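The values are calculated or read from the model by the stated rules, or taken from the named source; none is laboratory data. Because the structure is predicted, anything quoted here is derived from the model rather than measured. Cβ placement follows ideal geometry from the backbone for every residue including glycine, while neighbour counts extend to all protein chains displayed.
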Protein chains: 4
Amino acid sequence: MKALVYSKSGKIALEDRPKPEITAPGDAVVRVTHTTICGTDLHILKGDVATATPGRILGHEGVGVIDSVGASVTSFKKGDHVLMSCVSACGTCAFCRKQMYSHCIHGGWILGNTIDGTQAEFVRTPFADMSLYHIPKGADEEALVMLSDILPTGFECGVLNGKVAPGSSVAIVGAGPEGLAALWTAQFYSPATIIMIDLDPNRLAIAKKFGATDVIDSSDGKAAKAVMKLTDKAGVDTAIEAVGIPATFELCQQIIAAGGTIANIGVHGKPASLHLETLWDRNIAITTRLVDTATIPMLFKTAAAKTIDPALLISHRFTLAEGEAAYETFGNAAKTRALKVIISPS
Amino acid sequence: MKALVYSKSGKIALEDRPKPEITAPGDAVVRVTHTTICGTDLHILKGDVATATPGRILGHEGVGVIDSVGASVTSFKKGDHVLMSCVSACGTCAFCRKQMYSHCIHGGWILGNTIDGTQAEFVRTPFADMSLYHIPKGADEEALVMLSDILPTGFECGVLNGKVAPGSSVAIVGAGPEGLAALWTAQFYSPATIIMIDLDPNRLAIAKKFGATDVIDSSDGKAAKAVMKLTDKAGVDTAIEAVGIPATFELCQQIIAAGGTIANIGVHGKPASLHLETLWDRNIAITTRLVDTATIPMLFKTAAAKTIDPALLISHRFTLAEGEAAYETFGNAAKTRALKVIISPS
Amino acid sequence: MKALVYSKSGKIALEDRPKPEITAPGDAVVRVTHTTICGTDLHILKGDVATATPGRILGHEGVGVIDSVGASVTSFKKGDHVLMSCVSACGTCAFCRKQMYSHCIHGGWILGNTIDGTQAEFVRTPFADMSLYHIPKGADEEALVMLSDILPTGFECGVLNGKVAPGSSVAIVGAGPEGLAALWTAQFYSPATIIMIDLDPNRLAIAKKFGATDVIDSSDGKAAKAVMKLTDKAGVDTAIEAVGIPATFELCQQIIAAGGTIANIGVHGKPASLHLETLWDRNIAITTRLVDTATIPMLFKTAAAKTIDPALLISHRFTLAEGEAAYETFGNAAKTRALKVIISPS
Amino acid sequence: MKALVYSKSGKIALEDRPKPEITAPGDAVVRVTHTTICGTDLHILKGDVATATPGRILGHEGVGVIDSVGASVTSFKKGDHVLMSCVSACGTCAFCRKQMYSHCIHGGWILGNTIDGTQAEFVRTPFADMSLYHIPKGADEEALVMLSDILPTGFECGVLNGKVAPGSSVAIVGAGPEGLAALWTAQFYSPATIIMIDLDPNRLAIAKKFGATDVIDSSDGKAAKAVMKLTDKAGVDTAIEAVGIPATFELCQQIIAAGGTIANIGVHGKPASLHLETLWDRNIAITTRLVDTATIPMLFKTAAAKTIDPALLISHRFTLAEGEAAYETFGNAAKTRALKVIISPS
């Protein structure tokens, strides 16, 4: 089968690989119909993710059709249309029992990381009963790829951890796909204000269309001042970090209201300064989280109820054979205006 | 009247001052019977607290007897025995309405800071109806001084924010009075493990008596390793920082379990490094808080039920005339083995 | 001044009364600009509310302009435009400290009940600092009357107690003003399904316009069956009782999903059967609540953000002189199609 | 093998049965070392539990040693010492994912109900990975039988649902084994008051030893009055129903404080009157729950930490051959003073 592989040269490469097989009784093999690229895939190509080694088929998002299941799989059978979670969960370990699937001691984020992933014609998914989800008939399957990772990430790490509430004020730093996913799902809770902060006017324009009440172009270095002005000097109740660098994390510290929460989504490569000398008495909380995808069933319901339309996050479409172009497009989002790019193996 | 004053020389000085008077209808004047010194008072003397200026009568803790009340005070009358909260709360601002009294826009921590405090024969307390508490007949009034600040601080900032729970594991970094207050009130929730970490073997011995299940002398720089060993490499569910320096805050980051909470009690003077490169995917929370003393009524009940005996935190006793010696003793705790020192003006 | 009084004959009567005066330092006297009638006022006229005796000026909702304030009032001054909460809260008792203002030991629901109310040209409001709210310039003051009681009631007793959540299913039994208030504020949390149940097709049509996803005419006695069909036999996550009779409360028991919550809004005059023989093992919760109006500040923010438009709940308008007609209209809602009727003394 | 069977005559009978075998890949067969009788078993014998039919081997509690496991079991192997939960949980259905194992759509309480149970030499346990728990070396295995059902029931249905908190007041109606389990685990949260109510002076004496601060003999019909006196007319914050009849449930309604919670543990056979005419405005919650045993891991930790000593709930011991006598003893607890009786097949 065809697959997109993290090659030794640090590039993505289209290669021929054997079709995966069931290796444990809880496995399923899924014929992938649509997958996508995540910012983490770009990190892997840069060599930033030690656990992902050259030769790995990338990808941890996608929808498809069950090709075969192991002996102990009870919820799925050949032919079922399924969504794949980016997290594989055994369901029985102490972390899984509290829905902290990301830290499953037998799974977690392994797809396209420590085992081969979804950017291929077929993929083997461990712990199928816990990690796959039935797609209802008539659903927009391509759009549901957004439920594998990006929407639960924005929602769980940003909105739920950030305790967004009716009437509250929210600032989201970073209007890339993750920030937009947070922007969208924040609206489940009807905050009065959602301020979107980014350097890219194009992304801010999209944010405005997606429901931001205010946008701030931070290229002048005065974003904190602008937020304080918008909030009558109080700061925001929730600050969501969706970039992953010290500067944006420190911006969150400057704009957080007393009693507020800074919810981190960004993948960070180095420490940030935590200004305890000003924050120790401010009654704030700071949270981190690797997405658990525990909210996928709920997101299915909101998608079915048309509360959200995940398709709006899709900007480009490619075939698997065009995979290298897809990476090119997604990797140069500032220029290509890419949000999420769909790759359709079949 | 006699009072302990933050003098221009940066020392504490016993001075003669006029007896305070009611200046607002919500005020009370209290004849102080017992007060104490807080670590914050030492910070003021060092000039670390910009809002507290020389000439200020110090002290924000204490019990006493109502001497007079303003026209709008309804819950108290002359002769009532009362506990004074370290926080003055108007009760009506947005922060007070959510029990975040520390951030009251008309009050907060003002006693012995921006207005004269309790280390005197008399003190004026604003917002008496919200900030004073009736002492039940027959209570150990001296012991209740521990409810003005230190016990609610350990409990609210450490134990509540830290989400201590039955069967959970807790580490407390710093076995001074604040750490001991956290140690004690953590036991309200029956954690399975409470590990106390300090450099001072004397304090660790006291911690053991106060209910620590394990103690670690961190003078060898290997405290993190020791905690990981005690917790089968998982780390602790709750890490409470009760020192206030970068090194101890960073220790908390090394020992926190995935899904755990770092609850800060310490008063910090400079930033700490936040290791987001290792913590971003660990599903942790970090909290800060200035004590709100919202739990004083609850602490009264636990004291009445003998769940805790606040008197055990008292190590020394002085008269107001001996105030300078009291500061000397408290300021040299390593040598004097002081915990909390009581000053009794009358 | 003119006032609407609960007369000895059990009717509402327009009477001349002396203008109220400040009697406690925390009081304000408010010139009423708009008020409204509550279902509870009808109960009083029927003699159902023992605490409200003939001679009482009715009304516990309204907006107006401050005429005078007592000596200890700090947040308001003559000329301020204010919203009046239906609940008067001292702010300092144990109940008020946990925002359970409805059970304030010095106040609670007293306006138009144990003291004279708002259906008059002027009203004395105790505990002004805690019980009045500034109206921002430019707001639709008439519409804000809905924030005195009905919107916080639907929200606090129905939606918050009922734990309405994104993607969840909700049924509201009773499409009168309270049920509509719950319907509206439930949408703050983006449930996937809101089923409205009533006997009156007109009210169901309004419910549909206000955001109900499904409506059930229960006049055939088969509402439970219809709900189970709509929810694939699971029942609803939240059932809100907004009528106040045993039959509707028992309907809620029939349609609640395992793990769900029945949130009572209705004012009940007699016991209902609680079917513990079927519910004991269903992991459900049942809640009751007298509105605390603790969410008025939040509702102000959502109104300012246009998340809700309270004006849509207003169906009729009267002057104070037409007060008897206003009661007539509101009391015959089935015929007049009244929702909330505004009475404007000035 | 020998087994205790619900016979056609409605009596318990010792019978010879074939040793159970693995029938699904997730099964385990456990050699039972200790089991016990539950009040529910007595209900089955009376014919009250429609799902349990004559011929069924009873019992849903116990510890033992793994005899064999199915092909997909990964956490257990032959020879492992295990605790068996009274609830079998598939781990993957919507209820299991939120730890509501009692409502597992493929399991739930089935042992000794719809499939053969633990009062035998061997038992087949479905969903072994989710429903069995490793017993640490050196633990008192017999005592851990109390963690199969009774301790999690008292804790989850009574204490957790009842929101017992430090300094709060609790009343437990019924001092049988379930009431005592609630009494014990309530102390995890350090309430100031735990009032135990029963008709049997012997059980009240035991309650006193187990930590009740007050006991009330309700045989004079004045228990409500006595509780109100003990609580200064406020009532209790938490009322736990541990009997299962209308009278005791109604007693809970009489003694609950405004803002409090009535947590039901009792198995009810008929409706109770819910006095909404007095409770509708009291801001209370009423909860029901079938035990989920989600807290077994936590209870293991508290047992290991010696916070609780489950062995104290054991009053009698029998062999399997003496099973009929065991039922006789447990069924006449008033006379025999039985708490939990252990049956040891091997």
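Taking residues in region A:136-154 that are polar (S, T, N, Q), and partners anywhere that are in a helix (DSSP H, G or I), the pairs with Cβ atoms closer than 7 Å and at least 6 places apart or on different chains are A:153/A:178; A:153/A:181.
Do we find that residue D:263 is surrounded by 24 or more Cβ atoms within 10 Å (Cβ to Cβ) and either at the interface with another protein chain (Cβ under 7 Å from one of its Cβ atoms) or of a type outside the set (Phe, Trp, Tyr) (or both) in this structure? For residue D:263, the condition - surrounded by 24 or more Cβ atoms within 10 Å (Cβ to Cβ) and either at the interface with another protein chain (Cβ under 7 Å from one of its Cβ atoms) or of a type outside the set (Phe, Trp, Tyr) (or both) - is met. Scanning region D:25-61 for residues that are within 14 Å of residue D:7 (Cα to Cα) and among the basic types (Lys, Arg) turns up D:46, D:56.
Do the conditions hold for residue B:49, that is, is it farther than 21 Å from residue B:288 by Cα, β-branched (Val, Ile, Thr) and assigned to a loop (DSSP other than H, G, I, E, B)? No.
Picking from residues in region A:117-130 that are outside any helix (DSSP H, G or I) and among the charged types (D, E, K, R), the one that is nearest to residue A:5 (Cα to Cα) is A:121. Suppose we keep only residues that are outside any strand (DSSP E or B), small (Gly, Ala, Ser) and within 19 Å of the chain's Cα centre (by Cα) within region A:223-251. Which one would you say is nearest to the other protein chains (Cβ to nearest Cβ)? That would be A:244.
The single condition among (1) free of Cβ contacts under 8 Å to residues at least 40 places away in the same chain; (2) more than 30 Å from residue C:139 (Cα to Cα); (3) within 17 Å of the chain's Cα centre (by Cα) that residue C:335 does not satisfy is (3).
The set of residues in region A:68-90 that are within 20 Å of residue D:96 (Cβ to Cβ) and among the small types (Gly, Ala, Ser) comprises A:70, A:72, A:75, A:85, A:88, A:89. On the given criteria, is residue B:293 under 30 Å from residue A:157 (Cα atoms), away from chain D (no Cβ under 14 Å) and either assigned to a strand (DSSP E or B) or among the β-branched types (Val, Ile, Thr) (or both)? Answer is no for this residue.
Note on region B:131-162: residues that are touching a strand residue (DSSP E or B) at 6+ places or on another chain (Cβ under 7 Å), in a loop (DSSP other than H, G, I, E, B) and crowded, with 24+ Cβ neighbours inside 10 Å total 2. Among the residues of region C:266-290, the ones that are of a type in the set (Phe, Trp, Tyr) and either surrounded by fewer than 20 Cβ atoms within 10 Å (Cβ to Cβ) or more than 7 Å from chain D (Cβ to nearest Cβ) (or both) come to 0 in all. Among the residues examined, residue C:35 qualifies as under 19 Å from residue C:110 (Cβ atoms), of a type in the set (Ser, Thr, Tyr), crowded, with 16+ Cβ neighbours inside 10 Å and modelled with pLDDT of 95 or more.
Of the candidates C:165, C:175, C:205, the single residue that is within 14 Å of chain A (Cβ to nearest Cβ) and outside any strand (DSSP E or B) is C:165. Yes or no: region D:29-42 includes at least one residue that is closer than 26 Å to residue D:136 by Cα, touching a Pro at 6+ places or on another chain (Cβ under 9 Å), basic (Lys, Arg) and in contact (Cβ under 8 Å) with a residue 12 or more places away in the chain. Looking for residues that are closer than 26 Å to residue D:136 by Cα, touching a Pro at 6+ places or on another chain (Cβ under 9 Å), basic (Lys, Arg) and in contact (Cβ under 8 Å) with a residue 12 or more places away in the chain, one finds at least one in region D:29-42, hence yes. Only residues that are closer than 17 Å to residue D:119 by Cβ and either small (Gly, Ala, Ser) or touching a strand residue (DSSP E or B) at 6+ places or on another chain (Cβ under 6 Å) (or both): list them for region D:15-27, please. The answer is D:15, D:17, D:19, D:20. All conditions in (1) crowded, with 24+ Cβ neighbours inside 10 Å; (2) within 14 Å of chain D (Cβ to nearest Cβ); (3) out of contact with any strand residue (DSSP E or B) (no Cβ under 7 Å at 6 or more places or on another chain) hold for residue A:107, with the sole exception of (3). Residue check: residue A:303 meets all listed conditions (1) surrounded by fewer than 23 Cβ atoms within 10 Å (Cβ to Cβ); (2) modelled with pLDDT under 95; (3) not aromatic (Phe, Trp, Tyr) but one, namely (1).
Scanning region D:312-320 for residues that are within 14 Å of chain B (Cβ to nearest Cβ), in a helix (DSSP H, G or I) and buried (at least 21 other Cβ atoms within 10 Å of the Cβ) turns up nothing.
Applying the criterion of being under 14 Å from residue D:155 (Cα atoms) and free of Cβ contacts under 8 Å to residues at least 40 places away in the same chain to the residues of region D:188-202, the residue that is farthest from the other protein chains (Cβ to nearest Cβ) is D:189. Selection of region C:129-140 for residues being among the small types (Gly, Ala, Ser) and over 20 Å from the mean Cα position of the chain (by Cα) yields C:138, C:139. Taking residue A:49 as the residue in question, decide whether it is modelled with pLDDT under 95, closer than 20 Å to residue A:150 by Cβ and in contact with a helix residue (DSSP H, G or I) (Cβ under 9 Å, 6 or more places away or on another chain). Spelling it out, residue A:49 is indeed modelled with pLDDT under 95, closer than 20 Å to residue A:150 by Cβ and in contact with a helix residue (DSSP H, G or I) (Cβ under 9 Å, 6 or more places away or on another chain).
The rows are residues; the columns are (1) more than 14 Å from every other protein chain (Cβ to nearest Cβ); (2) closer than 30 Å to residue B:257 by Cβ.
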| position | (1), (2) |
| --- | --- |
| A:37 | yes, no |
| A:46 | yes, yes |
| A:55 | yes, no |
| A:71 | no, no |
| A:78 | yes, no |
| A:86 | no, yes |
| A:94 | no, yes |
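Rundown of residues vs (1) more than 21 Å from residue D:274 (Cβ to Cβ); (2) modelled with pLDDT of 95 or more; (3) small (Gly, Ala, Ser), yes/no style:
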{"site": "C:172", "(1), (2), (3)": "no, yes, no"}
{"site": "C:199", "(1), (2), (3)": "yes, yes, no"}
{"site": "C:211", "(1), (2), (3)": "yes, yes, yes"}
{"site": "C:235", "(1), (2), (3)": "no, yes, yes"}
{"site": "C:245", "(1), (2), (3)": "no, yes, no"}
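Results for (1) part of a helix (DSSP H, G or I); (2) within 18 Å of the chain's Cα centre (by Cα); (3) more than 9 Å from every other protein chain (Cβ to nearest Cβ), shown as yes or no for each residue.
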site	(1), (2), (3)
C:253	yes, no, yes
C:258	no, no, no
C:297	yes, yes, no
C:306	no, no, yes
C:342	no, yes, yes
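Out of curiosity, is residue B:121 closer than 20 Å to residue B:244 by Cα and at pLDDT 95 or above?
Details: closer than 20 Å to residue B:244 by Cα: no; at pLDDT 95 or above: yes.
Here the answer is no, as residue B:121 does not meet what is asked.
Yes or no, residue by residue, for (1) in contact with a strand residue (DSSP E or B) (Cβ under 9 Å, 6 or more places away or on another chain); (2) part of a loop (DSSP other than H, G, I, E, B):
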position: A:5; (1), (2): yes, no
position: A:9; (1), (2): no, yes
position: A:29; (1), (2): yes, no
position: A:43; (1), (2): no, no
position: A:60; (1), (2): yes, yes
position: A:65; (1), (2): yes, no
position: A:68; (1), (2): yes, no
position: A:86; (1), (2): yes, yes
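Give the residues of region C:88-104 that are aliphatic (A, V, I, L, M) and either surrounded by 24 or more Cβ atoms within 10 Å (Cβ to Cβ) or touching a strand residue (DSSP E or B) at 6+ places or on another chain (Cβ under 9 Å) (or both), sorted by residue number. Across region C:88-104, the qualifying residues are C:89, C:100.
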